[in-house]
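Notes follow the structure.
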Amino acid sequence: AATKDSLEYGANVVAGVTPGKGVSEVYGVPVYDTVRAAVAAHPADASVVSVPAPFAKDAALEALENGVRLVVILTERIPRRDVVEVINRSRALRARVIGPNSLGLISPDRTRVGMVGGRAADVRKAYKRGPVGILSRSGGMTTELANLLTLHGIGQSTCVSIGGDPIVGSTYTDLMPLFETDPETRVVAIFGEPGGGQEEALADYVAVRSPRLPIVAFIAGRFADEMPGVRFGHAAAIVEGGCGSPRKKVAALRKAGVLVAEEFSEIAELVKQALP
């Protein structure tokens with residue numbers, strides 16, 4: 001279904017890979033037994049990995065070793081050792097991994113990699129071309145944030161579901177430099193969650209580098225501060241003592257000069273204020 005929706009949205013899906021299913025087609029897209037065979041017949045820039053967790057490492061490495069330089073991993077709860085191995089190999093090859101536990105990324109009105117936004121008709125309603133980049137730890141909230149902006153007449157440049165697992169291939173700070181060099185992006189909107197240190201790392205990035213782009217952020221789950229040791233939704237959304245506290249994330253971001261919304265609905269107004 002994700003293939004069908006992506007094709008309907010206009011994505012250039014050139015091949016699929018499922019061992020044992022070669023010489024077949026899905027919605028007119030040829031399927032091969034190996035990535036090597038697929039890219040030999042159809043050179044590709046990106047690969048989407050959607051296989052059970054025990055096989056995700058091999059699938060991602062196969063794509064990387066055969067020259068694919070953007071690998072988007074939808075699978076969640078892959079063993080951490082496997083994720084680290086994939087990320088280290090991608091860095092050695094100067095490739096990029098998005099995810100695990102990502103829904104993918106989208107450049108509105110241009111293309112989509114993965115299944116962010118769901119059906120093509122829903123994607124067209126939620127996403128519109130414009131000047132705001134989106135980075136979100138939640139796949140679903142990537143679309144909710146885009147839709148909020150669209151309803152306020154604000155379009156998006158590129159939107160990335162970075163993934164909700166404890167270790168991901170590309171963090172906020174990994175992706176910010178790409179938005180910094182994108183002439184179409186004028187503001188970056190961030191959706192953060194309890195747990196981990198990504199938001200604090202972003203605050204350090206802003207404090208040290210003073211990026212040209214204004215950043216608007218919202219940190220979900222502030223109630224998590226009152227329930228330490230409980231996981232909320234994603235595997236990475238867990239607060240242990242003070243580590244990963246939403247309250248501390250908000251404080252760090254504000255101290256660095258990031259505009260932080262108190263309520264989700266306030267993001268659109270803050271983005272309007274931040275647009276140069």
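The values are calculated or read from the model by the stated rules, or taken from the named source; none is laboratory data. In this text, all values refer to a predicted model and were calculated from it rather than measured experimentally. Please note: Cβ atoms are built from the backbone with ideal geometry, for glycine as well, and neighbour counts cover all protein chains shown. The accessibility values were calculated without ligands, DNA or RNA, using every heavy atom of the protein model including side chains. Shrake-Rupley method; radii C 1.70, N 1.55, O 1.52, S 1.80 Å.
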(message) On the basis of being open to solvent by 20 Å² or more (accessible area, probe 1.4 Å), at pLDDT below 95 and more than 27 Å from Arg69 (Cα to Cα), does Phe232 make the cut?
(response) yes
(request) For segment 60-89, name all the residues that are crowded, with 22+ Cβ neighbours inside 10 Å and in contact (Cβ under 8 Å) with a residue 40 or more places away in the chain. (result) Val71, Val72, Ile73, Leu74, Ile78, Val83, Val86
(request) Starting from segment 169-184, take each residue that is at negative phi and touching a residue at least 12 places away in the same chain (Cβ under 8 Å) and list its partners that are open to solvent by 30 Å² or more (accessible area, probe 1.4 Å) and small (Gly, Ala, Ser), counting only C-beta distances under 6 angstrom and pairs at least six apart or across chains. (result) Thr173/Ala201
(message) Being open to solvent by 70 Å² or more (accessible area, probe 1.4 Å), touching an Asp or Glu at 6+ places or on another chain (Cβ under 6 Å) and outside any strand (DSSP E or B) is true for just one of Pro19, Pro54. Which residue is that?
(response) Pro19
(request) Determine whether segment 187-202 contains at least one residue that is among the aliphatic types (A, V, I, L, M), surrounded by fewer than 24 Cβ atoms within 10 Å (Cβ to Cβ), part of a loop (DSSP other than H, G, I, E, B) and modelled with pLDDT of 95 or more. (result) no
(message) Quick check on my filter: what residues within segment 70-102 are among the basic types (Lys, Arg) and under 9 Å from Gly169 (Cα atoms)?
(response) Arg96
(request) Restricting attention to segment 27-48, report how many residues are free of Cβ contacts under 8 Å to residues at least 24 places away in the same chain, aliphatic (A, V, I, L, M), surrounded by 15 or more Cβ atoms within 10 Å (Cβ to Cβ) and out of contact with any strand residue (DSSP E or B) (no Cβ under 6 Å at 6 or more places or on another chain). (result) 1
(request) Filter segment 8-23 down to residues that are over 20 Å from the mean Cα position of the chain (by Cα) and more than 20 Å from Glu62 (Cα to Cα), then give me how many there are. (result) 1
(message) Just to check your reading of the model, which residue among Arg137, Arg112, Arg129 is over 21 Å from Gly192 (Cα atoms), in contact (Cβ under 8 Å) with a residue 24 or more places away in the chain and buried (at least 17 other Cβ atoms within 10 Å of the Cβ)?
(response) Arg112
(request) Considering only segment 107-140, state which residues are assigned to a strand (DSSP E or B) and touching a strand residue (DSSP E or B) at 6+ places or on another chain (Cβ under 8 Å). (result) Ser107, Arg112, Val113, Gly114, Arg129, Gly130, Pro131, Val132, Gly133, Ile134, Leu135, Ser136
